[in-house]
Amino acid sequence: MKMVYLLLAATAVVSIGTAAVTVLVRRQRHRTDSSAEGRRIEATATNGIRDARRQAHAYQYFNDGGGISALRDRDSRT
């Protein structure tokens, strides 16, 4: 009975791994055939997402009781 559980667990792990690899390969194939303008648009979008994350992070710190802790944290890094 233990062998059946072991085989089921191994099958599940292999299935999950295969699905993950399949998704990654499909994404990579999809990304390789983009044009120069497509790569430019993707780079701009990536920069926009990065800036939005930074801004959200700043808002999180500045919205806690007047932003005193955010200023303290900011000044301590320099």
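The values are calculated or read from the model by the stated rules, or taken from the named source; none is laboratory data. The shown structure was predicted, so the numbers you read here are calculated from the model rather than taken from an experiment. Reconstructed Cβ throughout: ideal geometry from the backbone, glycine too, with neighbour counts over all protein chains shown.
Data overview
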read-out	value
Options S15, S34; residue that is in contact with a helix residue (DSSP H, G or I) (Cβ under 8 Å, 6 or more places away or on another chain) and either modelled with pLDDT of 80 or more or not in a helix (DSSP H, G or I) (or both)	S34
So A58, is it at pLDDT 80 or above, at negative phi and part of a helix (DSSP H, G or I)	no
